[in-house]
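Worksheet for the structure shown next.
The values are calculated or read from the model by the stated rules, or taken from the named source; none is laboratory data. For clarity, every value in this text was computed on a predicted model and none was experimentally measured. Every residue, glycine among them, receives a Cβ derived from its backbone with ideal geometry; neighbour counts consider all protein chains shown. All accessible areas refer to the heavy atoms of the entire protein, side chains included, with ligands and DNA or RNA removed. Shrake-Rupley method; radii C 1.70, N 1.55, O 1.52, S 1.80 Å.
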Amino acid sequence: LQLNNAPKLVSDSVSYSPDTAGYSMQYIFTHLPEIVVMLFRTLCNKTGFYLKSMVAFFGWFQIDTPWYLVMPVFFFVALSFMRKSDEPEPLPFTEKLYSIILFLAVFLLIELLLLIDHTPFGSLNIEGVQGRYFIPALPLIFLAIRNNLITVSKNIDDVIMIGMPTLNIIIIVFCVVRVLML
């Protein structure tokens, strides 16, 4: 098995600018404490951006969606994962732990990939990561926090099925208006 992109994994340039030095696997393994600090700093500095860019981030327009539109989306998603009173018991603790570990693995691999591919050498944060990259793994977190303490006694599927599209339309209109005002 031959990897076509193997030279890229050990090169010292970022993908969007061959003249800009980047991080290599060798550097990462030899400076692991520095990379861990960089990962933690990135998490502290960019969590808000990750959350916002999961909801609405129209490519190169980079529209800053306000929190009053972002938080209801996460509320509806969390609400859709709540246990209904007539459903079976939630996942056992070990399966919840596996879900969290799997999400963390996905998170770390995405950050590592963009550290190698997109982050110029000397950056304080890992660059190029967007929240939309984490969307496929997001249900793992919501399944892990699902419990018996918070249950929904009524069927709220209709509220969610009307609320989410309505909220998405509002966000799209907000972003289109912002683009037209540029």
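A few comments on the model shown:
- Entirely in the stretch 50-159, the helices (runs of 4 or more DSSP H) that have 3 or more residues that are open to solvent by 90 Å² or more (accessible area, probe 1.4 Å): 67-80, 93-118
- Tallying residues that are of a type in the set (A, V, I, L, M, F, W, C) and out of contact with any helix residue (DSSP H, G or I) (no Cβ under 6 Å at 6 or more places or on another chain) within the stretch 66-78 yields 6.
- Any hit, the stretch 127-147, residues being of a type in the set (D, E, K, R) and closer than 30 Å to Gly22 by Cα: yes
- Search result, residues across the stretch 96-112 that are without any contact (Cβ under 8 Å) to a residue 60 or more places away in the chain and either aliphatic (A, V, I, L, M) or in contact with a Leu (Cβ under 8 Å, 6 or more places away or on another chain) (or both): Lys96, Leu97, Ser99, Ile100, Ile101, Leu102, Phe103, Leu104, Ala105, Val106, Leu109, Ile110
- All positions within the stretch 143-171 that are of a type in the set (S, T, N, Q) and modelled with pLDDT under 90: Asn147, Asn148, Thr151, Ser153, Asn155, Asn168
- The lone exception for Glu127 - which of (1) over 23 Å from Asn45 (Cβ atoms); (2) in contact with a Ser or Thr (Cβ under 8 Å, 6 or more places away or on another chain); (3) not aromatic (Phe, Trp, Tyr) it fails: (1)
- Selection of the stretch 85-142 for residues being farther than 26 Å from Ile156 by Cβ and hydroxyl-bearing (Ser, Thr, Tyr) yields Thr94, Tyr98, Thr119, Ser123, Tyr133.
- All conditions in (1) in a loop (DSSP other than H, G, I, E, B); (2) open to solvent by 40 Å² or more (accessible area, probe 1.4 Å); (3) over 30 Å from Pro92 (Cα atoms) hold for Asn168, with the sole exception of (1).
- Of all residues in the stretch 129-182, those satisfying the criterion of being free of Cβ contacts under 8 Å to residues at least 60 places away in the same chain, under 19 Å from Pro66 (Cβ atoms) and among the hydrophobic types (A, V, I, L, M, F, W, C) are Ile169, Val173, Val176, Val177, Leu180, Met181.
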